[in-house]
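J.: Before I ask anything, here is the structure I am working with.
The values are calculated or read from the model by the stated rules, or taken from the named source; none is laboratory data. Because the structure is a prediction, the values reported are computed rather than measured. No Cβ is skipped: glycine too gets one built from the backbone with ideal geometry, and neighbour counts run over all protein chains shown. These area figures cover heavy atoms from the full protein model, side chains too; ligands, DNA and RNA do not enter into them. Shrake-Rupley method; radii C 1.70, N 1.55, O 1.52, S 1.80 Å.
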2 protein chains.
Amino acid sequence: MVQRFDQNPLLHPQTIAPSMEGLVVECLLNPGAFRFQGKTWLLLRVAERPVQSEQEVSALTIDPTTKSGLSILKRRLDDPDLDYGEDPRGFTYKGQQYLTTLSHLRLAWSEDGIHFQVADHPTLIGQGPLETFGIEDCRITSIEGRYYLTYTAVSGLGYGVGMMSTEDWQRFERHGMILPPPNKDCALFPERIDGYYYALHRPTLGSEGLGGNNIWVSRSPDLIHWGEHTCLLKTRPGCWDAVRVGAGAAPTRTGEGWLEIYHGADEHNRYCLGAVLLDLDDPTRVLARSRQPLLEPTAAYEKTGFFGNVVFTNGVIEDGDTLTVYYGASDEVICGATFSLGEILRTLE
Amino acid sequence: MVQRFDQNPLLHPQTIAPSMEGLVVECLLNPGAFRFQGKTWLLLRVAERPVQSEQEVSALTIDPTTKSGLSILKRRLDDPDLDYGEDPRGFTYKGQQYLTTLSHLRLAWSEDGIHFQVADHPTLIGQGPLETFGIEDCRITSIEGRYYLTYTAVSGLGYGVGMMSTEDWQRFERHGMILPPPNKDCALFPERIDGYYYALHRPTLGSEGLGGNNIWVSRSPDLIHWGEHTCLLKTRPGCWDAVRVGAGAAPTRTGEGWLEIYHGADEHNRYCLGAVLLDLDDPTRVLARSRQPLLEPTAAYEKTGFFGNVVFTNGVIEDGDTLTVYYGASDEVICGATFSLGEILRTLE
């Protein structure tokens, strides 16, 4: 049912230009996907970090005063104000938290959907106090002639869902944080249902332990303000999606319902893809769901990498019965696969 | 500056009628407060649990099929489907989570604001899948002639902010969950600012560890759908509000700004009250804040109880320069204290 592209991985970190001198692109992750001006476009998540030296530790920070919008903070390892703490992702300096690796979003485009050319600089970087640790995993939904970008806004204040919109991919309007932390994996429906916009999203289990990592659905009169939050799809003990589920790209309208490709993770942090079918008129109603994954990490590039055993999608292109699913593999490379919509629907229970 | 009522505690669990036979009222907590028909009203959080026996374990559940809206689930201790797990607050039976103690909301009223008569049955109990573990800590804000109730909706799906409204305290309209989990401590502003409604709320640190327990502010065109979430007030390392801060009741309009009495907790889970002043025209701007707490747990009933060293408010009544703050003490009893608004303002830095 699934056909991985022979050319996988389509994009590697090694082929991407860093945003500025002194940086290394460490991972390419989880692209949004859309059609625009006759081409297929990806909005890649590019994670990069400063080259580290033996005497110093370096963090990447958002810095609106520089040309690249980024700057590198270097501190000597013996600096008494430096505190490594327990998190390998960063350090604290004079009480301020820093990350060694930061993600931005970068466009890539293709005539055939397989061979992509990647921009040589970031398209979008974090902005303001809620995005100091970068922006990640952007979903793109075309609604009423405008592209809406929902992404994970990351900072020391937590991660929530930020939104921007654009018509021309040159000028972007920022709409602020639409879902407060801890929340991510937000996919907008491509059209209004009974007058309201709808979104899938993933509130995260709180540190106090009550709750879960389930997919919720909410609605909005204007895309910016959201309410009527309800839980839509729960993790399933004992299954491939036992511990964490999260929406992928915008749901696809089919004759049988809204089809959403989502990711699920088990207790070993193995990420697979499956599908769920929602009622066309009431997307808070689940009609059917994948018992088995549609895509599992089995190819070498899916099993081994920066974080192995991961396939994760937030970019899907529809073309008749064919769904082209772009996905991040092993949190390191970008891949693609095609599915038959009709075949997916027949597997749902 | 603070004058505790001589009659404190004003209300004890022992004086409250349980919702049904077989239950014990364990704690009275954190009342909302409002004026209505010339009286002072509290909306108490009443936590009750089944009387436990030696052979059985009992949970309290929401049950719309019974007269009280509640029912008691009893299981023998040697039942093989019973799993205590690690959480003393409940157990799991056949994979379903149960709590021994559940909260509902109950009205109490007073001519003088000190001597309260309490309803002999719940005023509001949890409803639907997002409130199966009860409803807690309700803030009440009168906006444009209607009372809006924002409360913590608790279930196995997490805790978020639910909202209802009423004009007559007889019929209530439910507006669903307005802020997804994990979130609590939501206080609405009593009037629109530049056309928008505003709310303070407290997203909780996620289990993944990034973020904090800070007060956020958001806005809404209609009170039901919320967006433009930003972080307003952070915890302060080394201070009385080092680990957790959360809004109290609706902010009070003063000549100098919106005054909000909030709670802060330190690393020892000691809860105190302090104040923050926000810009009248832009409540996302902090003008000043308490360096020292306005109210600390020092009285015997504040230091010892179900959970000692706690003062927590979500109910404030304004009368000229006097703020009457109703508060829960030691998670067990209801107390009151008065403050001078002018004096509070002079302490802020």
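J.: What do you reckon, how do A:GLU167, B:GLU136, B:GLU302 stack up by accessible area (1.4 Å probe), largest on top?
T.: Order by accessible area, largest first: A:GLU167, B:GLU136, B:GLU302.
J.: Placing the label point 7 Å from Cα along the Cα-to-Cβ direction, what are the distances from B:ALA17 to the equivalent spots in the other copies, shortest first, in nm to one decimal?
T.: Here the equivalent label points are 7.8 nm apart from this one.
J.: When averaged across all projection directions, what area in nm² does the alpha-carbon convex hull of region B:232-349 cover?
T.: Value for region B:232-349: 6.6 nm².
J.: Where nothing but the Cβ of Lys and Arg (+1) and of Asp and Glu (-1) is charged, how large is the charge dipole of the protein assembly as shown around its Cα centre, in debye to the nearest 20?
T.: The calculation lands at about 120 debye.
J.: Considering region B:96-250, what Rg and Dmax in Å follow from its alpha-carbon atoms?
T.: According to the Cα coordinates of region B:96-250, Rg and Dmax are 16.3, 49 Å.
J.: I need the semi-axes of the equivalent ellipsoid of region B:2-347: take the C-alpha gyration tensor, multiply each eigenvalue by 5, square-root it, list largest first in whole angstrom. List each step's numbers first, then the result.
T.: Numbers: eigenvalues 200, 96, 86 Å².
Working from the Cα gyration tensor, I get semi-axes of 32, 22, 21 Å.
J.: Return the ratio Rg/(2.2 N^0.38 Å) for region B:36-166, where Rg is computed over Cα atoms only.
T.: The value comes to 1.21.
J.: Follow-up. If you place +1 on the Cβ of every Lys and Arg, -1 on the Cβ of every Asp and Glu, and leave all else neutral, what size is the dipole of region B:2-347 about its Cα centre, to the nearest 20 Debye?
T.: The calculated dipole for region B:2-347 is roughly 220 debye.
J.: Taking only C-alpha pairs under 8 Å that are 6+ residues apart, what is the relative contact order of chain A in percent?
T.: Normalised by residue count, the contact order of chain A is 16 percent.
J.: Something else: May I ask you to report, in nm to one decimal and beginning with the shortest, the distances from A:GLN52 to the same position in the other copies, taking label points 7 Å along Cα-to-Cβ?
T.: Its label point is 4.8 nm from the equivalent points in the other copies.
J.: Also, I was wondering about something else. Suppose accessible area is computed on protein heavy atoms with a 1.4 Å probe; arrange B:ASP63, B:ASP78 from highest to lowest.
T.: Descending order: B:ASP78, B:ASP63.
J.: Along the charge dipole of region A:203-284, pointing to its positive end and built from +1/-1 on Cβ of Lys, Arg, Asp and Glu, which listed residue (A:THR204, A:CYS272, A:LEU232) has its Cα farthest out?
T.: Of the listed residues, the answer is A:CYS272.
J.: Just the ratio, please: alpha-carbon radius of gyration of the protein assembly as shown over 2.2 N^0.38 Å, N its number of residues.
T.: With N residues counted in the protein assembly as shown, Rg over 2.2 N^0.38 Å equals 0.99.
J.: Which of the pairs A:LYS184/B:LYS234; A:LYS94/B:LYS303; A:LYS39/A:LYS234; B:LYS184/B:LYS303; B:LYS184/B:LYS234 have their Cα atoms more than 27 Å apart in this structure? Walk me through the numbers before you get to the answer.
T.: Values: A:LYS184/B:LYS234 22 Å; A:LYS94/B:LYS303 35 Å; A:LYS39/A:LYS234 36 Å; B:LYS184/B:LYS303 24 Å; B:LYS184/B:LYS234 15 Å.
Beyond 27 Å between Cα atoms: A:LYS94/B:LYS303; A:LYS39/A:LYS234.
J.: Right, next: Per residue, how much accessible surface does the protein assembly as shown expose to a 1.4 Å probe? Answer in Å², no decimals.
T.: Numbers: 27630 Å² over 698 residues.
Ligands and nucleic acids excluded, the result is 40 Å² per residue.
J.: Shortest first, in nm, what separates the label point of A:GLU208 from those of the same position in the other copies (7 Å along Cα→Cβ)?
T.: Sorted ascending, the copy-to-copy spacings read 2.1 nm.
J.: Please report which chain A residue places its beta carbon nearest the axis carrying chain A onto chain B, with the distance rounded to a whole angstrom.
T.: Closest Cβ to the A-to-B rotation axis, residue and whole-Å distance: A:HIS225, 2.
J.: Then there's this: So if I place +1 on the C-beta of Lys and Arg and -1 on the C-beta of Asp and Glu, and nothing else carries charge, what would the dipole magnitude of region A:167-320 be about its Cα centre? I want it in debye, nearest 20.
T.: 500
J.: Ignoring everything except DSSP H segments at least 4 long, calculate the 222 nm mean residue ellipticity for chain A; use -39,500 (n - 2.57) per segment, divide by total residues, nearest 500.
T.: Helices in chain A give a 222 nm mean residue ellipticity of -500 deg cm²/dmol.
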